[in-house]
Amino acid sequence: GAGAGCLGTGAINTSLASATQIPLVRALPGLRVAQVAAGKHHSLALTEAGVYVWGDNRFGQLGVGVAALQSPSPRLVPGLFGVVGVAAGQFHSLARDSEGRLLSWGWGVHGQLGHGGIEDWSRPGVVRALARHRVVGLAAGYAHSAILTAKARVFTFGCSLFGQLGSGGTSKAVLPREVELGA
């Protein structure tokens, strides 16, 4: 269902049985959507005009601050410029910009934001630990994140309860750790 406005239709408590066009597309005809990403109850749309978000915001995963617990209609994320890729985990969001920087925000309890702690971030923040790397790919799982660099290096951070960080262990990582890839 759309209990947290995660469908972006403007309605908070509706259940849709068929596909429908979200107001963003109707309101801005001709706006080109390059990529979409969906978390558990939030969505992101990368457009030529910026990143639009909607849905649940309990952990700051929309990146628009904490004034509203949800946004049933698409909102532009302020301060995100030059974004060329987005990803969404259960309650966190990632973006990479044209300079190769990684930004993250939302739920951070498992370290999946990569900022070095377990705090939630309600606005996008640059992952400083990857400053020397050019990010070219990104992915987000339930409570972990994975990054690919221009030099084909893979970094992961967040929850590793089931070994999803590829480190060989089950300890969480609050900062990006390189995955040793076999030859």
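The table below gives the values:
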{"item": "Residue satisfying all of: in the stretch 31-45; hydrophobic (A, V, I, L, M, F, W, C) and surrounded by fewer than 20 Cβ atoms within 10 Å (Cβ to Cβ); nearest to Tyr142 (Cα to Cα) among these", "result": "Ala38"}
{"item": "Residue check for Ser167: touching a Lys or Arg at 6+ places or on another chain (Cβ under 7 Å), more than 23 Å from Arg58 (Cβ to Cβ) and among the small types (Gly, Ala, Ser)", "result": "yes"}
{"item": "Any hit, the stretch 163-175, residues being exposed (fewer than 15 other Cβ atoms within 10 Å of the Cβ) and under 21 Å from Val51 (Cα atoms)", "result": "no"}
{"item": "Of all residues in the stretch 1-57 being among the charged types (D, E, K, R) and in contact with an Asp or Glu (Cβ under 9 Å, 6 or more places away or on another chain), the one that is modelled with the highest pLDDT", "result": "Lys40"}
{"item": "Only listed residue being of a type in the set (Gly, Ala, Ser) and within 15 Å of the chain's Cα centre (by Cα), chosen from Gly100, Gly82, Gly117, Gly63", "result": "Gly63"}
{"item": "Per-region count, the stretch 85-103, residues touching a Phe, Trp or Tyr at 6+ places or on another chain (Cβ under 7 Å) and small (Gly, Ala, Ser)", "result": "2"}
{"item": "Among the candidates Leu94, Leu113, Leu181, residue that is closer than 23 Å to Ala34 by Cβ and in contact (Cβ under 8 Å) with a residue 12 or more places away in the chain", "result": "Leu94"}
{"item": "Of residues in the stretch 46-56 being touching a residue at least 40 places away in the same chain (Cβ under 8 Å) and over 9 Å from Phe91 (Cβ atoms), the one surrounded by the most Cβ atoms within 10 Å (Cβ to Cβ)", "result": "Trp54"}
{"item": "Elements of type strands (runs of 3 or more DSSP E) contained in the stretch 77-161, each with 1 or more residues being of a type in the set (Phe, Trp, Tyr) and open to solvent by less than 40 Å² (accessible area, probe 1.4 Å)", "result": "102-106, 154-158"}
{"item": "Complete set of residues in the stretch 59-70 that are within 20 Å of Gly125 (Cβ to Cβ), touching a residue at least 40 places away in the same chain (Cβ under 8 Å) and open to solvent by 10 Å² or more (accessible area, probe 1.4 Å)", "result": "Phe59, Val64, Val66"}
{"item": "Any hit, the stretch 48-58, residues being within 24 Å of Gly158 (Cβ to Cβ) and assigned to a loop (DSSP other than H, G, I, E, B)", "result": "yes"}
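The values are calculated or read from the model by the stated rules, or taken from the named source; none is laboratory data. The model shown is predicted, which means the values in this text are computed figures rather than measured ones. FYI the Cβ positions are ideal-geometry reconstructions off the backbone, even for glycines, and counts take in every protein chain you see. Just the protein is used for accessible areas: all its heavy atoms, side chains included, with ligands, DNA and RNA removed. Shrake-Rupley method; radii C 1.70, N 1.55, O 1.52, S 1.80 Å.
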